[in-house]
Structure formats: structure tokens, C-alpha cells
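The values are calculated or read from the model by the stated rules, or taken from the named source; none is laboratory data. Please read all numbers here as calculations on a predicted model, not as lab measurements. Counting neighbours? That spans all protein chains shown, and the Cβs are built from the backbone with ideal geometry, glycine included.
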Amino acid sequence: MKKNFVLIIITIFSLTIFNSSCSKKTAKPGGGFNLFSVKQDAELGLQVKNEIESNPNDFPILNESRNKEAYQIIRAMTSEILNSGKVHHRNQFAWEVKIIDDDKTLNAFCTPGGYIYVYTGLIKFLDKEDELAGVMGHEIAHADQRHSTRQMTKMYGISVLLSALAGNQQQLAQITAGLINLKFSRGHETEADTYSVHYLGGTSYNCAGAAGFFEKMLGQPTPPQFLSTHPNPENRVENIKAKAKEKGCKISNKANQTRYNRLKSLL
């Protein structure tokens, strides 16, 4: 027990020195320090993925063998974003995508290390493939910019994350539950919106697709709870469209609507 504690202290000390020496190079707007390495993000993400997929009651993953076409469509969407040439950790993270069979939940999330989960409720709710691509770009950005481990370090402390990484099931369950409704900082949310525009600018999608998602959400009588803890959705729509205009990328919808309608019909 004493040996393990010493190892944790050494790890924290080493990571702190490393991040302090690199902070001037890696600091980003809305960023902050991250005591995890890129490799540890990937390792923690795999642990969280295994925890999620071993819990079908809370996370009913859509059966892949019986829903091959639906998975082909959503993975083609994901691949187009990842292959935009703009995802920094394209080759370091897993970037797997799964569909959660829950029509009541309008959500998507991405774990550290690039394990992406999209709820059927969100897919059916949105009207355009551009809108879902905008959301997926946003979630990919959270993993690519490593917001989750930055935010969780702040929430739980490095020792809890290291314990989860080591396979502590209680800590791992805590981290998994926290990830689903993780409240990112305002800076992280703004950064993820910006990167969604950036990623989609290298694809066939409307690079302001995420704005369509927020516009659709604003029309709901009771918007999802997670929007109330994020920056103002109306401001986000304006900022996303302004960023798209600034970058000179397309705003008109040219995504494959027939394909998206087909995806919705399959679920």
C-alpha cells in the first residue's frame, strides 16, 4: 500500500514537472493544465469504454450485427470528420463510434481517447446530417483537445483518475458516470464549438452544422438540462456562424439528406 502511494506521488510529481515545462507551448484558450499524458488519455478511455459496454442497463448499445447499415452510415460520417486532416490526435486515439439505443435521450458524448457514443434519441430528433456532424465534431473536439481529463482532474483529483486507470472499479464507475453529464468549462465549450467548425471545414458538411443543432434545441419547450449549464445557446449559434464566415467555409446545406433519412428509418 505504501509502495503504491509512493508511486502515485512520483507520477504526479513527474507529470507536473513535464506539464510545467511545456505549458507555454501547449496552453490554449479555455485549456488549462492536464496532468495526464496523451497515452494515459487513451488508456483511461479504454477503461471507461469497457465499463460502459459492460453495463447494458444504463448504456443499451445498439446491436451491431443486426444494425450493420446504421453503423456503416454513422461511421462513414465519423471517418469524414476524422480524415479532414485537422484532428490533432487522429492517430493516437481509437475513434470508435457506438450507438446507444435510447430514444428519450438527446445526447452524445466522447470519452478520453476517442470513444464516441451517440443516442438514437438525438439522431431521430435532428433534421439534417449536417447538424449531427456538427455535434460529432464538437464531441470529437472535447477528446482531441483533451478537455475531459483536464476537467476531471479539476473535479476528482489526479489520484482518483490514476486509481481508475489502474482498474479500481469503484473509481472507474464514478468517472464513467461523471463523463456522461460532464460540465465542461465555458472556455472548453467555446473551444469545442470552434473546433467543430474547423474540422467540418475540411469535409463536405456545412461547417456551421453545430449551429443548426442549437437552433433546433432552442425551439424545444424544455431544452435538455445540459444546455442550462453551458454558454448561452443563442450566443453559441451566433459565434459558430461567425467563425464559419471568418474561415470562409461553406454554410449552405449540401450533406446527403437521403442518407440521413435512411439512418433515422433504420433506428
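Kindly indicate which of 257, 174 is within 26 Å of residue 79 (Cβ to Cβ) and at pLDDT below 90.
Of 257, 174, the one residue that is within 26 Å of residue 79 (Cβ to Cβ) and at pLDDT below 90 is 257.
Return the only residue of 137, 121 being assigned to a helix (DSSP H, G or I), among the small types (Gly, Ala, Ser) and in contact with a Lys or Arg (Cβ under 8 Å, 6 or more places away or on another chain).
Of 137, 121, the one residue that is assigned to a helix (DSSP H, G or I), among the small types (Gly, Ala, Ser) and in contact with a Lys or Arg (Cβ under 8 Å, 6 or more places away or on another chain) is 121.
Take segment 131-187 and flag every residue that is basic (Lys, Arg) and under 21 Å from residue 88 (Cβ atoms).
Answer for segment 131-187, where residues must be basic (Lys, Arg) and under 21 Å from residue 88 (Cβ atoms): 146, 150.
Which one of these is among the β-branched types (Val, Ile, Thr) and at pLDDT below 95: 140, 123, 158, 116?
From the options 140, 123, 158, 116, the qualifying one is 158.
Exactly one condition in (1) out of contact with any Lys or Arg (no Cβ under 6 Å at 6 or more places or on another chain); (2) under 24 Å from residue 177 (Cβ atoms) is not met by residue 78; state its number.
Of (1) out of contact with any Lys or Arg (no Cβ under 6 Å at 6 or more places or on another chain); (2) under 24 Å from residue 177 (Cβ atoms), only one is false for residue 78: (2).
Is it true that residue 2 is at pLDDT below 90, under 25 Å from residue 189 (Cβ atoms) and of a type in the set (D, E, K, R)?
no
Those residues that are assigned to a loop (DSSP other than H, G, I, E, B) and among the charged types (D, E, K, R), I need them from segment 84-109; list them, please.
Selection gives 86, 90, 101, 102, 103, 104.
Does at least one position in segment 186-202 carry a residue that is at pLDDT below 90, over 20 Å from residue 146 (Cβ atoms) and not aliphatic (A, V, I, L, M)?
Yes, that holds for at least one residue.
Can you tell me which of 81, 116 is at negative phi and in a strand (DSSP E or B)?
Matching residue, one of 81, 116: 116.
Let's see how each residue does on (1) modelled with pLDDT of 95 or more; (2) within 13 Å of the chain's Cα centre (by Cα); (3) basic (Lys, Arg):
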site: 46; (1), (2), (3): no, no, no
site: 59; (1), (2), (3): yes, no, no
site: 66; (1), (2), (3): yes, no, yes
site: 72; (1), (2), (3): yes, no, no
site: 82; (1), (2), (3): yes, yes, no
site: 87; (1), (2), (3): yes, yes, no
site: 90; (1), (2), (3): yes, no, yes
site: 100; (1), (2), (3): yes, no, no
